[in-house]
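The values are calculated or read from the model by the stated rules, or taken from the named source; none is laboratory data. What you are looking at is a predicted structure, and each value in this text was computed from that prediction instead of being measured. Backbone-built Cβ (ideal geometry, glycine too); neighbour counts: all protein chains shown.
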Amino acid sequence: MNILYEDDQILVVFKPAGIATQTSRTAQVDMVSEIKNHLAGKDDRKERNEPYLGLVHRLDQPVSGLLVFAKTRSAAASLSHQLTNGQLQKYYYAIVLGKPENETDVLVDFLYKDGHNNRSYVVDETFPEAKKAVLEYRTVKTLIALENNTEASLLEIKLMTGRHHQIRVQLSAAGIPILGDGKYGSERSKDMSRESACRYPALCAYKLRFVHPMTGKELTFEEPPKDEIFEAFLS
């Protein structure tokens, strides 16, 4: 487990792609269970109760990146409040098929989550249960695959709202689907994903910024994506 920071209030970790943030499946590894085991192993008291761990935010199972957890209830309340008011800021890298029309842009959509098939859709704002979704992006680099003359671009994304599968849905609806995304990708992006052996969505929460719940100090954590597909864009 890649722990970037830990004190008596918070813990910041990097979640690999393919591991759930939290799951009820007993045979499946998840980050919450792994961190609780880590905390229990550090507890040298004779009578050990299950350690407290506050889940502040999540990442989709196939998505990698940074997560902050609270080790006290007061820290959890502070971080949850920051998440609600926008103080807890999340930045992502994504590799998409094609080149965005605008180098920087703000995408605003309304999303509906269908819980039956674990999928979200872009809908009209009048659609029942539609929720507003906003993200900002800038194009970092565009490369062309010489063998098929296909463009792919690295985007840096600042998430302004936290909706179900938000980045994946919004970029797909904008015509620039994320490589490796079998759920929301286009046929072309799926073909390119197979050619580049991209098994998971090329999406990584690489930076977190928030205020420490106890000290009030602004903290920023960064960790580059581990997937090989990012190497050509970030080298």
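The rows are residues; the columns are (1) within 24 Å of M192 (Cα to Cα); (2) free of Cβ contacts under 8 Å to residues at least 40 places away in the same chain; (3) loosely packed, with under 15 Cβ neighbours inside 10 Å.
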residue	(1), (2), (3)
Q89	no, no, no
L97	yes, no, no
L111	no, no, no
N117	no, yes, yes
Y121	yes, no, no
T126	no, yes, yes
V134	no, yes, no
S153	yes, no, no
H165	yes, no, no
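Name the single residue, out of those in the stretch 99-109 being among the charged types (D, E, K, R) and in contact (Cβ under 8 Å) with a residue 24 or more places away in the chain, that is surrounded by the most Cβ atoms within 10 Å (Cβ to Cβ).
Here the residue is D109.
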Looking at the stretch 55-81, which of the residues that are under 27 Å from G18 (Cα atoms), in contact with a Pro (Cβ under 9 Å, 6 or more places away or on another chain) and not hydroxyl-bearing (S, T, Y) is surrounded by the fewest Cβ atoms within 10 Å (Cβ to Cβ)? P62
The correct count of residues that are touching a Lys or Arg at 6+ places or on another chain (Cβ under 8 Å) and either modelled with pLDDT under 95 or not in a loop (DSSP other than H, G, I, E, B) (or both) in the stretch 64-91 is 7
Only one of A232, A145, A152, A197 is at positive phi and more than 16 Å from the chain's Cα centre (by Cα), namely A197
What do you reckon, is Y137 modelled with pLDDT under 95 and of a type in the set (F, W, Y)? no
Give me the residue from the stretch 94-139 that is of a type in the set (K, R) and touching an Asp or Glu at 6+ places or on another chain (Cβ under 7 Å) and, out of that set, farthest from K226 (Cα to Cα). K99
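The rows are residues; the columns are (1) aliphatic (A, V, I, L, M); (2) modelled with pLDDT under 90.
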site	(1), (2)
G175	no, no
I178	yes, no
K183	no, no
M192	yes, yes
Y200	no, no
C204	no, no
K207	no, no
F210	no, no
When the stretch 99-110 is checked residue by residue, the ones that are under 17 Å from I176 (Cα atoms) and in a strand (DSSP E or B) are T104, D105, V106, L107, V108, D109
Matching residues, the stretch 193-235, being among the aliphatic types (A, V, I, L, M) and surrounded by 20 or more Cβ atoms within 10 Å (Cβ to Cβ): A202, L203, A205, L208
